[in-house]
1. Are there any pairs with C-beta distances below 9 angstrom linking a residue in region 228-244 that is touching a residue at least 40 places away in the same chain (Cβ under 8 Å) to a residue that is open to solvent by 60 Å² or more (accessible area, probe 1.4 Å) and in a helix (DSSP H, G or I), with the two at least 6 apart or on different chains, and if so which?
2. Could we say that L200 is assigned to a helix (DSSP H, G or I) and open to solvent by 40 Å² or more (accessible area, probe 1.4 Å) here?
3. Being closer than 26 Å to F206 by Cβ and touching a residue at least 12 places away in the same chain (Cβ under 8 Å) is true for just one of P310, P294. Which residue is that?
4. Report yes if T456 is in contact (Cβ under 8 Å) with a residue 24 or more places away in the chain and either surrounded by fewer than 17 Cβ atoms within 10 Å (Cβ to Cβ) or in contact with a strand residue (DSSP E or B) (Cβ under 8 Å, 6 or more places away or on another chain) (or both), otherwise no.
5. Quick check on this structure: which one of P450, P442, P474, P501 is assigned to a loop (DSSP other than H, G, I, E, B), in contact with a Ser or Thr (Cβ under 7 Å, 6 or more places away or on another chain) and buried (at least 23 other Cβ atoms within 10 Å of the Cβ)?
6. It is to be established whether one or more residues within region 94-102 are open to solvent by 60 Å² or more (accessible area, probe 1.4 Å) and more than 19 Å from the chain's Cα centre (by Cα).
7. Look at R579 and say whether it is basic (K, R), at pLDDT 95 or above and either under 30 Å from A165 (Cβ atoms) or in contact with a strand residue (DSSP E or B) (Cβ under 7 Å, 6 or more places away or on another chain) (or both).
8. Scan region 488-527 for residues that are among the charged types (D, E, K, R) and free of Cβ contacts under 8 Å to residues at least 40 places away in the same chain and jot them down.
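The values are calculated or read from the model by the stated rules, or taken from the named source; none is laboratory data. The structure presented is a predicted model; accordingly, all values stated were derived computationally and were not measured. Reconstructed Cβ throughout: ideal geometry from the backbone, glycine too, with neighbour counts over all protein chains shown. Ligands, DNA and RNA are excluded from the accessible area calculation, which covers all protein heavy atoms including side chains. Shrake-Rupley method; radii C 1.70, N 1.55, O 1.52, S 1.80 Å.
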Amino acid sequence: MPSSPFLATGPSTTRVRDRRADLLVTLAALALALWVTSGMWRDPNSRAITVNSSDQALFEWLLAFGGHALTHGENPLYTTLINVPDGVNLAVNTSITVYAAVFAPLTYLIGPPATFLVILTLNLTATAVAWYWLLSRYLVRSRLAAGVGALFIAFCPAMVSHANAHLNWTAGWLVPLLIWGVFRLRRPGRAITGGIVLGLLVAAAFSIAAEGLFFTALALGVFLAVWALHPARWPEVRAALPRMAAGLGVTALVAGALLAYPLWLHFLGPQRFHGTGFDPLIHSEDIAAYGSYPRRSLAGWAGWGTSLAPNPTEENSFFGVPLLLLAVACFALLWRRADAFRATLAALGVTAVVFAVLSWGPTVKWNGRRFDQMLPFGVLDNLPVINAALPSRLALVVAPVIGLLLAYAIDALRARPPRHRATGVAWALGFVVALLPLVPTPLLTSVREPIPQFITSGAWQRYVPPDGVLTPLPLTVDVYPDGQRWQAYALAHRQGEFRIPAGFFLGPGGPEGRGRIGPVPRTFDSLMDQAGRTGLVPIITDGSIRESRADLRHWGVRAVVLPDRVHGAKYDVDEDALRRTATALLGPPERVEDVWLWRVPD
């Protein structure tokens, strides 16, 4: 076994076999990624992820806006196209600016929905390939061990649940590259080149998944601290520390130069906020979830899945009891076989325990029941930056640790097989029983309402002046994503710009100065939400008419548009109640193409 976190490998006499294994793992990763996303490949433009179509619409909008900002010389991190007149600080949101810029030609060629699907599929594939590369080239000798570990990490329950539209969290390929970049700094002569490479990786990771970068840095910090404190590692630590410090200094300079403006915008810019718009009590991991099975898996398909996650996109643990027992058995096997490897094992174990406990949130929750017992996150939640993290997602660190233990154990068993055949069979059965129930099943998808011809034909341009404001009904928020979908279409098809009030974003206005989803509601959007959600026309008074028209003047709206079918991300929307409510507030509409339209005087 290796005596340090990285194993130096030399030339192999089995290169052909290794290359064949590399190809097989890559093809398996691609096949699994296509399998998970198969429901959308039938028609990316008309199908959406059932449980999270709002986030899908947001990321499609981010891809369209990012490409538009790049080609039109606009600020990619701040925009007034949504949430007029205040605008949105995208630096404190998940702006995926690197993806938006790199894939801009594809977005213009095939549209935001198809580009979103391509990136999501590539994310899952690249995560497996990157972890396989790190494992097979630096950590284990067996290609089988590397393949099992990599495929588990890339398609573990957490990654599959975040494949429900999260382009940031599925970009797990960044993590092994960051790990490689950090440990590469130990080598003599790598301070400058290694620091530059790591600085570029940090900047890219911040632009794609800032929260994931933060978790990776925390996990590496815990791992390295425990590993370095082991007495057997002190000579190596003393020798490598000056080189690591110099390399990290270069990293800080490079990343700081590239991220100076985004960081200023994030912490000091307009429309900033502290904390998050989500409740950490809700978005914390149920302790029982660690031994449960996820819904999008063979176990879930068989009826063994549970609903202990705050929502289907946050099944961040859900390993099942057999896998937890297998991980403990792998740890015991490795601890017994290799004294020199114990520093790495201890660091992995402590990292997994620390992040598992933190993922439980401020107070204990077991099998859906909340207790008053305070946990460590309840103390740390008041610290800056940490208070912006969702505790449940800290469990994402545990999955790679388990994947590493699986890979190390298989490598050890292949290097020195058990003396008794029955023991080897028991190990093989243990891996099958633990991993087979977690094989993913495809994401749930459903048909979503098409973008109205009023938008696709460009007819909107006759009713909204250049840079003018248009609003759909209901106003765009997370549960009504139509406005940003329409805007994404117009931007990607070079129709020009129209702005919209509200939108799906995180901004100021939450309790105690924290963030909130979307803007603070006003009279007009509150009435429309009530009508669309309940199917009942609210009581309309002269006062509500005056306030609603004042809201439209505040936003500068020139056209109010109601399509025949409104996409509700969480529930069906009553279009008839919306039309009657808007008519009571604004007068009779006119029929234009396939929408109802109310003109608003300048």
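1. H230/R342; A232/R342
2. Yes, satisfied.
3. P310
4. Numbers: in contact (Cβ under 8 Å) with a residue 24 or more places away in the chain: yes; either surrounded by fewer than 17 Cβ atoms within 10 Å (Cβ to Cβ) or in contact with a strand residue (DSSP E or B) (Cβ under 8 Å, 6 or more places away or on another chain) (or both): no.
In short, no.
5. So the residue among P450, P442, P474, P501 that is assigned to a loop (DSSP other than H, G, I, E, B), in contact with a Ser or Thr (Cβ under 7 Å, 6 or more places away or on another chain) and buried (at least 23 other Cβ atoms within 10 Å of the Cβ) is P501.
6. Looking through region 94-102, none of the residues is open to solvent by 60 Å² or more (accessible area, probe 1.4 Å) and more than 19 Å from the chain's Cα centre (by Cα).
7. Spelling it out, R579 is indeed basic (K, R), at pLDDT 95 or above and either under 30 Å from A165 (Cβ atoms) or in contact with a strand residue (DSSP E or B) (Cβ under 7 Å, 6 or more places away or on another chain) (or both).
8. Step one: filter region 488-527 for residues among the charged types (D, E, K, R), giving 494, 497, 499, 512, 514, 516, 522, 525.
Residue satisfying the conditions is R522 alone.
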